[in-house]
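Following: one structure in structure tokens, then a few remarks.
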Amino acid sequence: MTAHKIVIVGGGAGGLELATQLGESLGKNGKAQIILIDQKLTHLWKPLLHEVAAGTLNPHQQETNYFAHSAAHHYEFVLGTFTGLDREAKQIIVETEYFSKKSEPKKNQRIGYDTLVLALGSTSNDFNTEGVKQFCHFLDSRQQADIFQQDLLHLYLNAQHETSSRELNIAIIGAGATGVELAAELVEAKQNFFQYGLNKVDPNKVKITLIEAADRILTALSPKVAANTMKQLEQFGIEVLTSHRVAKVDEDKIYFADGSSLDAEIKVWAAGIKAPEVLAQLDDMEKDHIHRLKVYATLQTKSDPSIFAFGDCAHCQPAADQPVLGPRAQVASQQASFLANALKAHVNGDSYLPMFKFSDKGSLISLSQNKAVGELLGQVNVQGFVAKTMYVSLYRIHQATIHGYAHAGILTAKDLVTRKISPKLKLH
């Protein structure tokens, strides 16, 4: 009898956690064949991208190689890009490329499945705003964070050849968690650059502006968390512009709908999300206005019971009296754990699929290496070092889920030592 074949597309936090748990529970004993597909060789926890972009975190020290991880956790890894779906044949189409000096065309590979799980995450939604694609940085991926870090570093390196100090204007469009955390991290980065001798960009002349179309920052979180965060941003010297809708961006300026403008040498777009473009092209799958796949509370897509979707790429409303779940790391993590149990029961012959219920543990916003603000269980406000410790613990929980507690403990100890002896900023 052929083992049940579960294919997971997307090796983000949720996808990798699911592959790990299914590998350990089903792949290990041969009850199912687990395959994880991703277009990159390594995994990096997405909430760390703002630190990678600012240079305050070296991504090479935190990445997990999929091939090595799959070998240790009883699943298979396929390197490739998901480009299409053949529901009738129960196959997905994956584009692969050759890694050699010789130029070779990309090839399409078909991979069959019994159960398909889509965990493709999300990308930035520029709402077709003029100039954004050409002149703004994005932070959807490790590659984009690396590009921002290199552009910022090269700006500082080039400034060293100038005879006098210069100013720098950085604008971040979108005051959600990503925008707020990046702004705070850049405050720390500008001081670190100066400390390490890259002093021709005067930290007192580095202006960081956070722009939000709504009337307050962090609209997905409570007003109290937003107010506490605003106080911290003001203390950091970050200018916050609320009720400012961006109409256009060019190489040097940001133009607002009210006719005003802002000078900005470096611009980051962090306003809004949408599902990846490949999902928009799946014409026979039911989607919402930002192309997320609509799912039932079982996380099965409404178009096909053998296809599941979760995390940022899924439009999930667990109950009629509850809102649609937003793009949050804890949603994806809880859904991964839910699916690990549900699919295990499904493979073992249980025809009943349980309903996913989200338990909101609260929200934490990182504000540099030693500070954070947040709210736990909707009522307990935390700030400062205590909140930062809790924020870091979320990453440690993710590491424990994909590596095991002993391995995660060793990684934590390694990071503590590395932080003591390494530069505070990635300078290469």
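The values are calculated or read from the model by the stated rules, or taken from the named source; none is laboratory data. This is a predicted model, so every value here is computed, not measured. As a convention, Cβ positions derive from the backbone with ideal geometry for all residues, glycine included, and neighbour counts pool all protein chains shown. With ligands, DNA and RNA removed, areas are computed over all heavy atoms of the protein, side chains included. Shrake-Rupley method; radii C 1.70, N 1.55, O 1.52, S 1.80 Å.
Computed over the range 1-76, relative contact order equals 36 percent, with contacts defined as Cα pairs under 8 Å that lie 6+ residues apart. The heavy atoms of Glu251 offer some 120 square angstrom of accessible surface to a 1.4 angstrom probe.
Surface listing: Lys28, Lys426 arranged by accessible area from highest to lowest gives Lys28, Lys426, probe 1.4 Å. Only one residue of Leu57, Thr123, His69 has its Cα farthest out toward the positive end of the dipole of the range 29-155, where Lys and Arg carry +1 and Asp and Glu -1 on Cβ, and that residue is His69.
Stretching the chain fully between Asn381 and Lys248 yields a gain of 44.1 nm (0.36 nm per residue, less the alpha carbon separation). Judged by the mean number of other Cβ atoms found within 10 Å, the most tightly packed of the peptides 199-205, 319-325 leads the ranking 199-205, 319-325. Taking the accessible area of the chain, probe 1.4 Å, and keeping the other protein chains in place, the carbon and sulfur fraction comes to 52%. Residues in the range 300-321, backbone N under 11 Å from the label point at Glu286 (7 Å along the Cα-to-beta-carbon vector): list them, ranges by number please. Under cut-off, by backbone N: 301-305. Cys316 sits with roughly 0 Å² accessible to a 1.4 Å probe, with DNA, RNA and ligands left out of the calculation. Looking at the square roots a ≥ b ≥ c of the eigenvalues of the Cα gyration tensor of the range 345-408, which shape do they give, rounded for a/c under 1.5, prolate if a/b is larger than b/c, or oblate? Oblate, since a/c reaches 1.5 and b/c is not below a/b.
When semi-axes √(5λ) of the Cα gyration tensor in Å is calculated for this entry, the matching label among [x] 37, 24, 23; [y] 37, 34, 19; [z] 49, 23, 18 is [x].
Hey, got the dipole for the range 62-181? About the Cα centre, +1 on K and R Cβ, -1 on D and E Cβ, debye to the nearest 20? Can you show the working numbers first?
Values: 10 positive and 16 negative charges, 82 e Å.
Taking the Cα centre of the range 62-181 as origin, the dipole is about 400 debye.
Averaged per residue, what accessible surface does the chain expose to a 1.4 Å probe, in Å²?
Value returned for the chain: 47 Å² of accessible area per residue.
In the range 62-162, which trypsin sites (Lys or Arg not before Pro) fall in coil by DSSP and have 14 or fewer other Cβ atoms within 10 Å?
Lys101, Lys102, Lys106
Rounded, prolate or oblate: which fits the range 319-428, taking a ≥ b ≥ c as square roots of the Cα gyration tensor eigenvalues, rounded meaning a/c under 1.5, else prolate when a/b beats b/c? Verdict is oblate for the range 319-428. Using C-alpha pairs under 8 Å with a sequence gap of at least 6, the mean separation divided by the residue count of the range 306-428 gives a relative contact order of 12 percent. In terms of its C-alpha gyration tensor, the range 141-223 comes out prolate, because a/c is 1.5 or above and the ratio a/b outweighs b/c.
Every helix of 4 or more DSSP H residues in the chain counts as -39500 (n - 2.57), and over all residues that averages to -10000 deg cm²/dmol at 222 nm. Could you identify which residue out of Ile217, Ile397, Ile208 has the top mean-square fluctuation in a GNM of the chain using Cα springs shorter than 10 Å? Looking only at Ile217, Ile397, Ile208, the biggest GNM fluctuation is shown by Ile397. Descending by average beta-carbon neighbour count within 10 Å, the peptides 300-307, 54-61, 181-188 line up as 181-188, 54-61, 300-307, the highest first. Take Asp151: with every protein chain present and a 1.4 Å probe, its accessible area is about 70 Å². Legend: distances between Cα atoms for Lys5/Lys294; Lys200/Lys371; Lys224/Lys357; Lys5/Lys133; Lys224/Lys302; pairs beyond 31 Å are Lys5/Lys133; Lys224/Lys302.
Under a point spin-label approximation (7 Å from Cα along Cα-to-Cβ), what is the Met390-Gln322 distance to one decimal in nm? With each label point 7 Å from Cα toward Cβ, the separation is 2.1 nm. Using Cβ point charges alone (K and R +1, D and E -1), the dipole size of the chain about the Cα centre works out to roughly 1040 debye.
The distance separating the Cα centre of the range 307-371 from that of the range 93-150 comes to 24 Å.
Please give the residues of the range 263-286, grouped as numeric ranges, whose backbone N is less than 14 Å from a label point set 7 Å along the Cα-to-Cβ vector of Gln39. Those under the cut-off are 275-281. Remark: accessible surface ordering of Met390, Met355 (largest first) is Met355, Met390, probe radius 1.4 Å. Spin-label pair Gln143-Lys224: with each label point 7 Å from Cα along the Cα-Cβ axis, the two points sit 4.3 nm from one another. Ranking Ile173, Ser393, Pro354 by Cα position along the charge dipole of the chain, where only Lys, Arg, Asp and Glu carry charges on their C-beta atoms, puts Ser393 farthest toward the positive end. Multiplying the sequence separation of Ser359 and Arg419 by 0.36 nm and subtracting their Cα-Cα distance, what value in nm do you get? Stretched out fully, the Ser359 to Arg419 stretch lengthens by 18.3 nm.
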